[in-house]
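Each value in this text was obtained by applying a stated rule to the coordinates, not by laboratory testing. Predicted model, so just to flag it, every value in this text is computed and none were measured. Here the Cβ is made from the backbone with ideal geometry for all residues, glycine too, and neighbour counts use every protein chain on show.
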Amino acid sequence: MKTILCYGDSLTWGYNAETGLRHEHDVRWPNVLSKALEKEAYVITDALNGRTTVFDDQMVSAERNAVKTLPTALGAHQPLDLVILMLGTNDLKKHTGGGRVFESRQGMERLVEIVLGFPYQRGYTVPKILIVAPPIFCETTEPDFALLLGHAVEESQHFRSAFTKVAEEYQCAFFDASEACETTPLDGIHLSAEHTKALGEALIEPVRKLLADDA
């Protein structure tokens, strides 16, 4: 059996914009992937609302900076065959990442370097990496989210091109979430139950191919 680590933020955690709670277990995209691959791989979810690639957020109680927490996740869950990195949305907040995809791209590069350079136990190989670009934001009338990330709707359109460059430079796999799902206008950045499920379904075959490819 292979082992997959899905490492992300609220889009991976399964934040429900209608309730402010969590989507049902069976529609969250890592769990959709897990069910489809249940005879082929274990799927581990390590996701946290507000998580950034490399940026500190002093206004929250839990550590959101992935540079500080990813190494612990790699050590705790090894051996790993594939790490799926889906981050960047929270980097566009002005109080954390400065609001630009440019810095988010640099942050994703740093996370890839951590996965590739981590000192895994002797006998364990370096896992493959799949970078998933967050879906493009949409306009929302929800007051708090409009203030928090409304400025970044246009900026979010650059995730695909920026993260494609990272994947090419480090020879990682890449998937653009916007090809499979759309953000909800309820808050402009999260996924409805239908769309988080759709993302999981869209990732099944690309992930299966990565696990089968020994190259």
Packing-based exposure ordering (other Cβ within 10 Å, fewest first) of ARG122, ARG160, ARG22: ARG122, ARG22, ARG160
Sequence-separation-based contact order of the chain, relative, with Cα cut under 8 Å and 6+ spacing, percent: 24 percent
Lys/Arg +1, Asp/Glu -1 at C-beta; the chain dipole; positive extreme among LEU199, THR45, ALA76: ALA76
About the Cα centre, charge dipole magnitude for the chain (Lys/Arg +1, Asp/Glu -1 at Cβ), debye: 620 debye
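To the nearest µm²/s, what D does Stokes-Einstein give for the chain at 10 °C and 1.306 mPa s, using the Kirkwood radius over alpha carbon pairs as Rh?
D = 93 µm²/s.
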Theoretical ellipticity at 222 nm over the chain - DSSP helices of four or more residues, -39500 (n - 2.57) apiece, nearest 500: -11500 deg cm²/dmol
Contour minus Cα-Cα distance for GLN171 and ASP213 (0.36 nm per residue): 13.7 nm
Net length gained if the chain between LEU116 and CYS138 were fully extended (0.36 nm per residue, minus Cα distance): 4.6 nm
Rounded, prolate or oblate (a/c below 1.5 giving rounded, otherwise prolate when a/b exceeds b/c) for segment 1-123 by Cα gyration tensor: oblate
